[in-house]
Amino acid sequence: MDEIWILGINMTKFGKHTDRDVVDLASEAVMAALADGGVTMADMGVMAAGNLMGSGGIGQQIQKQVGQTGIAVYNVSNACATGATALRTAIMSIKAGESDMGLAVGVEKLAGVGLLGGGGRAKKDGNEWEPQGRFGAVTSTDGRIGTDTMPGVFAQVGMEYGHKYGGADFELFAKISEKNHAHSTLNPLAAYSKRFTLEEIMGDMMIAYPNTRPMCSANCDGAAAAVVVSGEKLKTLSLEQQRRAVKVSASVLTSDPWQEACQVLPDVNTLTRNAAKTAYEQAGIGPEDLDLVELHDCFATAELVHYDNLGLCEEGGAVDFFNSGAPWRDGSLPVNVSGGLQSKGHPISATGIANIWEVCHHLRGEAGDRQIEGAKVGLAHVIGLGSACGIHILERSAA
Amino acid sequence: MADTSAPTRVPLVDYLVLDDGEPHLAANECTGCGARFFDRRNACAACFGTDFRRVKIATSGELRTFTIVAFAAPGVEVPFVSGVIDCDGTSVRANLRNVEPDADHVHTGMNVQLTTYSLGTDDHGTEAIGFAFEPI
């Protein structure tokens, strides 16, 4: 099987872009990713694009700004794994031999959107209890039968881990957030790059215990794009392009296999463990070989369980792993040196490519002040509820 | 025309059973593998079987995880405790009631039991009944 490489990649500044729409943001990322790879739209054989909150057809809208060549466009939608799904779609086209170069892009405008999930219908104006829907509910069940909100769902994910293995309390989860906010101070593209003390994090507005506001991913605007190329095609390009190219050693997408309780509280663990296992097999490496990890810390409570799910620690050892200092940027296995979703921000469809940009940035030795010295191998992970998990393992070019 | 002969009750969801002894929850259980589901099924998500039977869920269990929601969608009363209860091997999603909604009073591993409460009466005199779990 031919190799797959990232040739060019870019993310926009994450934050509030009041004067620009999703097409503007995505087009900026696409133009920059093409320039980064030293190619143009004429070289692209396929395009995959994601934008969860928009009206559809984002790929074609972007083409109208950056170049319409008639290539196939796949508009993809996979919750918070949408960006990774777009990238994997372009990769699959190359693996299938249908194209030798492809473009993936994800974009979202979420600044000021507020709470995601929750709500639902209210009792009808006619004031009649009338059963509706899959559960024959006579009114909205959000808040009456548990919570549909993301901070609450992921709070339960973290608390369940704590119940199973112990040691995970409010302070521990807040410390994870403290780490990511500290990391963000070195990332000029982060939506928020303010360091918080542990007391500030724990004393901030409670959203869903134990997640306070700074422990939740930041809704913001942003885009990210990547150009992928086959190994055969890369050999025909310049030495400089080959030197900066980053090898995709593993590209995996999974959904959640049935487990008891998975239709009651989303099981974000099993599909991540399955994806990690397959990714390590594809790449022929183990977690001990990783120099940095960008994982889906949509909430502080989520980061903890993914230390375990990605095999960064022994089963049940996530609390000890964190307390050892390992995931800090000067630790043995830095996690979310970008600041993670809690401070870099989480423009949903962009996230699954932006985390790959972060890893590539370090593998290329171009990460400036936040460079993880000598980084050779990194892992990027995203998870979307429903559920979908994308994992990519990336390796520095030997050229 | 609405039947005005007697007040009637309707459950918040169809898997809350009010008219067969003590209130309890019921699930669709796959006769092949025993997987349980609270909504209607096309096939079993675990083994793809298509034969199901209605089973009663245990009315008490252990709180396996929870959150205390302080910020929710408009119209949702906060704070409230949302959790997952292990009812003799079947996981149930529910709120906790009759407990202070704070981390000093709610903890994983606590034993809880099913309780029901009124959601109010509509214009036809029908009362909707909700369910939650409360500490034993």
On a full-extension model of 0.36 nm per residue, what is the gain between residue A:329 and residue A:236, subtracting their alpha-carbon distance, rounded to one decimal in nm? 29.8 nm
Can you run phi through the Karplus equation (6.51, -1.76, 1.60; θ = phi - 60°) for the stretch A:30-43 and list ³J(HN,Hα) in whole Hz, with x for Gly and Pro? 5, 4, 6, 5, 4, 5, 4, x, x, 10, 10, 4, 5, 8
Among A:132, A:372, A:318, flag the residue with its Cα farthest along the positive direction of the charge dipole of chain A, charges on Cβ as +1 for Lys/Arg and -1 for Asp/Glu. A:132
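Summarise the partner chain shielding of B:38-50 as one whole number: the mean count of Cβ atoms from other chains within 10 Å of each residue's Cβ.
Working: counts 5, 5, 3, 0, 0, 0, 1, 6, 5, 1, 1, 0, 0.
Mean number of neighbouring Cβ atoms from other chains: 2.
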Mean Cβ neighbour count within 10 Å, used as a protection proxy, ranking A:142-149, A:127-134, A:100-107 highest first: A:100-107, A:142-149, A:127-134
Charge tally for neighbours of residue A:321 with beta carbon under 9 Å away, counting Lys, Arg as +1 and Asp, Glu as -1, is -3
Packing-ranked peptide list from A:350-356, A:84-90, A:255-261, highest mean Cβ count within 10 angstrom first, is A:350-356, A:84-90, A:255-261
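Rounded to the nearest 5, what % of DSSP beta bridges with both residues in the protein assembly as shown are antiparallel? Don't jump to the answer; show the numbers that get you there.
Details: 77 of 97 bridges.
Roughly 80 percent of the DSSP beta bridges within the protein assembly as shown come out antiparallel.
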Using Cα pairs under 8 angstrom and six or more residues apart, how large is the relative contact order of the stretch B:8-135, in percent? 23
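Counting Lys and Arg as +1 and Asp and Glu as -1, each charge on the Cβ, what is the dipole of the stretch A:1-98 about the Cα centre in debye, to the nearest 20?
Working: 6 positive and 9 negative charges, 53 e Å.
Its charge dipole is roughly 260 debye.
Within 12 Å, Cβ to Cβ, of residue A:190, how many net charges do the neighbouring residues add up to if Lys/Arg are +1 and Asp/Glu are -1? Can you show the working numbers first?
Values: positive: A:13, A:194, A:195, A:344, A:370; negative: A:358.
So the environment of residue A:190 carries a net charge of +4.
From the Cα trace of the protein assembly as shown, what convex hull volume per residue do you get, rounded to a whole Å³? Let's see the in-between values first.
On the way: hull volume 86.6 nm³, N = 535.
Taking only Cα atoms, the protein assembly as shown has a hull volume of 162 Å³ per residue.
In debye, nearest 20, what is the charge dipole magnitude of the protein assembly as shown about its Cα centre with +1 on Lys and Arg Cβ and -1 on Asp and Glu Cβ, if you could check? Walk me through the intermediate numbers first.
On the way: 41 positive and 65 negative charges, 248 e Å.
In total the dipole reaches around 1200 debye.
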Provide, in order from the shortest bin, the percent of all Cα-Cα pairs of the stretch A:71-197 in each 5 Å bin, continuing until the bin that contains the maximum pair distance. 2, 7, 10, 10, 13, 14, 13, 12, 10, 6, 2, 0, 0
How compact is the stretch B:8-135 by the rule of thumb for globular proteins, expressed as Cα Rg over 2.2 N^0.38 Å? 1.15
No Cys partner within the rule (Cβ under 4.7 Å), the protein assembly as shown: A:80, A:216, A:220, A:262, A:298, A:313, A:360, A:389, B:87
At R0 = 51 Å the Cβ-Cβ FRET efficiency linking residue B:48 and residue B:136, nearest 0.05, sits at 0.85
Just the number, please: percent antiparallel of the DSSP beta bridges in the stretch A:27-179, rounded to the nearest 5. 10
What angle, in degrees between 0 and 90 and rounded to the nearest 10, separates the Cα long axis of helix A:348-363 from the longest principal axis of the Cα atoms of chain A? 50
Relative to the compact-globule scaling 2.2 N^0.38 Å, provide the ratio for the alpha-carbon radius of gyration of the stretch A:308-389. 1.14
Among A:65, B:90, A:262, whose Cα lies farthest out toward the positive end of the dipole of the protein assembly as shown, if unit charges sit on the beta carbon of Lys, Arg (+1) and Asp, Glu (-1)? A:65
Relative packing of A:15-25, B:87-97, A:73-83, B:118-128, which averages over residues the other C-beta atoms within 10 Å, highest first: A:73-83, B:87-97, A:15-25, B:118-128
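What FRET efficiency comes out for residue A:169 versus residue A:42 if R0 is 45 angstrom and r is the Cβ-Cβ distance? Round to the nearest 0.05. Intermediate values should be presented prior to the final figure.
On the way: r = 56 Å, r/R0 = 1.24.
Rounded to the nearest 0.05, the efficiency is 0.20.
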Site residue B:55, offset 7 angstrom along Cα→Cβ, radius 18 Å on amide nitrogen, limited to the stretch B:68-99, gives B:85-93
Around residue B:65, which amide H atoms from residues at least 5 apart in sequence, or from another chain, sit under 5 Å from its own amide H, with H modelled in the peptide plane? B:84
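At a Förster radius of 35 Å, what calculated FRET efficiency corresponds to the Cβ-Cβ distance of residue B:41 and residue A:197, to the nearest 0.05?
Numbers: r = 50 Å, r/R0 = 1.44.
Between residue B:41 and residue A:197 the formula returns 0.10.
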Would the stretch A:274-354 count as rounded, prolate or oblate if I go by the C-alpha gyration tensor, calling it rounded below 1.5 in a/c and otherwise prolate when a/b exceeds b/c, oblate otherwise? oblate
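Do the alpha carbons of any pairs in A:109/A:376; A:179/A:277; A:95/A:235; A:16/A:376; A:235/A:344 sit beyond 24 Å of each other, and which pairs? Display every interim value, and only then the final one.
Working: A:109/A:376 33 Å; A:179/A:277 27 Å; A:95/A:235 16 Å; A:16/A:376 33 Å; A:235/A:344 35 Å.
Checking Cα-Cα distances, A:109/A:376; A:179/A:277; A:16/A:376; A:235/A:344 exceed 24 Å.
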Describe numerically, in nm with one decimal, the distance between label points set 7 Å from Cα along Cα→Cβ at residue A:79 and at residue A:35. 3.6
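Just tell me how shielded A:152-163 is by partners: mean number of partner chain Cβ atoms within 10 Å of each residue's Cβ, no decimals.
Numbers: counts 9, 2, 1, 6, 9, 2, 2, 9, 6, 1, 2, 9.
Neighbouring Cβ atoms belonging to other protein chains average 5 per residue here.
When the helix-only estimate is applied to chain A (DSSP H runs of n ≥ 4, each -39,500 (n - 2.57), divided by the residue count), what is the mean residue ellipticity at 222 nm, nearest 500 deg cm²/dmol?
Details: 13 runs with 136 residues, N = 399.
Helix contribution divided over all residues of chain A: -10000 deg cm²/dmol.
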How shielded is A:255-263 by partner chains, expressed as the average number of their Cβ atoms within 10 Å of its Cβ atoms? 5
Listed residues B:25, B:80, B:129: farthest to the positive end of the dipole of chain B (Cβ charges): B:25
Rounding to the nearest 20 debye, state how big the charge dipole of the stretch B:8-135 is about its Cα centre with +1 on each Lys and Arg Cβ and -1 on each Asp and Glu Cβ. 500
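The numbers here are math on the coordinates, done by the rules we state, and not lab data. Just so you know, these numbers come straight off a predicted model, no measurement behind them. Note: ideal-geometry Cβ built from the backbone for every residue, glycine included; neighbour counts use all protein chains shown.
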